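Chemist: The structure's right below; bear with me while I get my questions together.
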Amino acid sequence: MARSVAVTAARAARVDRLQPRAARASLTVELADAIVDFVGVSQLARGDRLPSVRALADRFAVAPPTVREALRRLEAEGIVVLRHGSGVYVSGEAARRVIGNPHAPAADAVTCLELLETRLLLEPTAAELGCLRQPAAELDVAARLLEVAGAQLGDPVALSATNVAFHVAVARQSGNTVLAQTV
């Protein structure tokens, strides 16, 4: 009985310590949004360097650890790139409409079938648009990836990466950024 009371008390203390963090998470989200707005207003483009963490902290009147947390969130979303010892750079993905879940579990058989169904709905249109909108040289990217995939048939890990690159290339060649981001 005394042990279960101690365990319950320890859990309650752990939950109490986590409560302020929940409030901090909303500040992190707000700060991440403010940094994205800053990138837009400042007309920073892909590869441009953001101000230092200290300068961002001063600008937004928050502590540097809060800025670092917001920047890590933006990095996970593909909006900025953090280069240790160099700084934080715009990745060019701030206008993304579709953001993948980096924490998604591995796909099971049902999910794989759903993915194939989705590809059958999207990719013929993407390929048609690519043929209409892109010069033949641009279409060669997909053809080269197919050749690479053929050479990787014995290496499932490499083949999987090339497969993803192929489907993304076909979608990008459509000229439709939302379609490319979805794929």
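Taken together, the values in this text are just the output of simple stated rules run on the coordinates, not laboratory data. The structure displayed is predicted, hence computed values, not measured ones. Here Cβ is always computed from backbone atoms with ideal geometry, including for glycine, and neighbour counts include all displayed protein chains.
Chemist: When the Karplus curve 6.51 cos²θ - 1.76 cosθ + 1.60 is applied with θ = phi - 60°, which whole-Hz ³J(HN,Hα) does each residue of the range 75-91 get, with x for Gly and Pro?
Modeler: Using θ = phi - 60°, the values come out as 5, 5, 8, x, 8, 10, 10, 9, 10, 3, x, 10, x, 10, 10, 6, 8 Hz.
Chemist: Got a sec? Which residues in the range 153-180 would a label at LEU120 touch, if it sits 7 Å along Cα→Cβ and we count backbone N under 20 Å?
Modeler: The answer is 164, 167-168, 171, whose backbone nitrogens lie closer than 20 Å to the label point.
Chemist: Name the long-range amide H neighbours of VAL80: under 5 Å, sequence gap of 5 or more, or other chain; modelled H, no Pro or chain starts.
Modeler: Close amide H contacts, sequence-distant or interchain: GLU75, SER91.
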